[in-house]
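I have placed the structure first, in the form of structure tokens, so that the comments after it can refer back to it.
The values are calculated or read from the model by the stated rules, or taken from the named source; none is laboratory data. Since we're looking at a predicted model, the values are computed, not measured. Neighbour counts run over all protein chains shown; Cβ positions are idealised from the backbone, glycine included. Just so you know, the surface numbers come from the protein's heavy atoms only, side chains and all, with ligands and any DNA or RNA stripped out. Shrake-Rupley method; radii C 1.70, N 1.55, O 1.52, S 1.80 Å.
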Amino acid sequence: DQQVKQNSPSLSVQEGRISILNCDYTNSMFDYFLWYKKYPAEGPTFLISISSIKDKNEDGRFTVFLNKSAKHLSLHIVPSQPGDSAVYFCAASASVSRKLQFGAGTQVVVTP
Amino acid sequence: KAGVTQTPRYLIKTRGQQVTLSCSPISGHRSVSWYQQTPGQGLQFLFEYFSETQRNKGNFPGRFSGRQFSNSRSEMNVSTLELGDSALYLCASSQIQGAFGTDTQYFGPGTRLTVL
């Protein structure tokens with residue numbers, strides 16, 4: 001039962017433009033959401049998180065938006081850089097359980 | 001502050017053997033979680049330990065077990081290895097100080113296990 005879904009397996013974007021990654025979830029108990037970046041054969045690197053009491057969180061080039069009514073969150077990367085090329089995972093957890101549920105990931109390729 | 005460390009980084013075993021993986025969390029972090037990543041199933045939660053107690057468990061067979069020590073270091077053990085256990089095993093720690101609530105989990109580099 002996939003409770004966190006990333007429906008776009010890949011995204012190609014030009015350097016300097018905006019990357020928008022989307023994530024949907026089904027479990028209304030989720031109250032903490034995170035985005036991770038991952039290179040092959042390495043552990044995920046934490047990027048940014050958002051609590052369910054907020055609808056937006058910004059950190060440098062990264063902004064996460066949360067729409068609780070739609071059970072949807074998105075990650076915006078502006079401007080995109082070649083070093084951003086990686087797989088991005090959306091994850092969610094509920095306070096009652098620290099188990100992270102991950103989406104399938106989106107492969108981002110930033111072209112010069 | 002040093003990050004999450006995992007040893008060994010690579011491991012090759014044969015079917016039927018058992019294996020123990022080790023994880024040292026970030027200093028001060030008391031919660032340690034384990035995840036399995038495979039191409040087919042993605043990232044899946046194995047279990048979480050807090051204050052030496054298993055708090056949550058994923059949908060894995062009993063061959064997968066773990067423990068946490070008083071210094072928060074954790075080990076996971078897989079017995080009677082199967083070919084399908086080949087995966088990247090990831091450990092994550094978080095600073096959460098209480099039994100409930102949630103916080104950001106920081107991952108180690110993982111242990112790549114290959115079962116022949």
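Below are the figures for this structure:
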read-out	value
Some residue of segment B:63-79 being within 12 Å of another protein chain (Cβ to nearest Cβ) and either farther than 22 Å from A:Ser95 by Cα or open to solvent by 50 Å² or more (accessible area, probe 1.4 Å) (or both)	no
Failed item, numbered, when B:Tyr89 is tested on (1) crowded, with 16+ Cβ neighbours inside 10 Å; (2) among the hydroxyl-bearing types (Ser, Thr, Tyr); (3) over 15 Å from the mean Cα position of the chain (by Cα); (4) more than 17 Å from A:Ala94 (Cα to Cα)	(3)
Which listed residue is among the hydroxyl-bearing types (Ser, Thr, Tyr), within 14 Å of chain B (Cβ to nearest Cβ) and either surrounded by 15 or more Cβ atoms within 10 Å (Cβ to Cβ) or under 24 Å from A:Lys99 (Cα atoms) (or both), from A:Ser52, A:Ser28, A:Ser19	A:Ser52
Breaking point among (1) within 11 Å of chain B (Cβ to nearest Cβ); (2) in contact with a His (Cβ under 9 Å, 6 or more places away or on another chain), for A:Tyr39	(2)
Matching residues, segment B:52-62, being away from chain A (no Cβ under 13 Å) and either on the phi < 0 side of the Ramachandran plot or polar (S, T, N, Q) (or both)	B:Pro61, B:Gly62
So B:Ser31, is it at pLDDT 95 or above and among the small types (Gly, Ala, Ser)	no
Odd one out for B:Ile12 among (1) farther than 30 Å from A:Thr106 by Cβ; (2) among the hydrophobic types (A, V, I, L, M, F, W, C); (3) part of a loop (DSSP other than H, G, I, E, B)	(3)
2 or more residues on the phi < 0 side of the Ramachandran plot and of a type in the set (Val, Ile, Thr): qualifying strands (runs of 3 or more DSSP E) within segment A:71-112	A:106-111
Some residue of segment B:6-16 being at pLDDT 95 or above, within 13 Å of chain A (Cβ to nearest Cβ), open to solvent by less than 70 Å² (accessible area, probe 1.4 Å) and under 11 Å from the mean Cα position of the chain (by Cα)	yes
Meets criteria (more than 19 Å from B:Gly40 (Cα to Cα) and in a loop (DSSP other than H, G, I, E, B)) for A:Ile53	yes
Failed criterion for B:Arg112 (all others in (1) within 26 Å of A:Ala94 (Cα to Cα); (2) facing another protein chain (nearest Cβ under 9 Å); (3) surrounded by fewer than 20 Cβ atoms within 10 Å (Cβ to Cβ) hold)	(1)
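Table: residues versus (1) over 15 Å from the mean Cα position of the chain (by Cα); (2) away from every other protein chain (no Cβ under 14 Å).
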| position | (1), (2) |
| --- | --- |
| A:Gln14 | yes, yes |
| A:Arg61 | no, yes |
| A:Val64 | no, no |
| A:Ile77 | no, yes |
| A:Tyr88 | no, no |
| A:Ala94 | yes, no |
| A:Arg98 | yes, no |
| A:Phe102 | no, no |
| A:Pro112 | yes, yes |
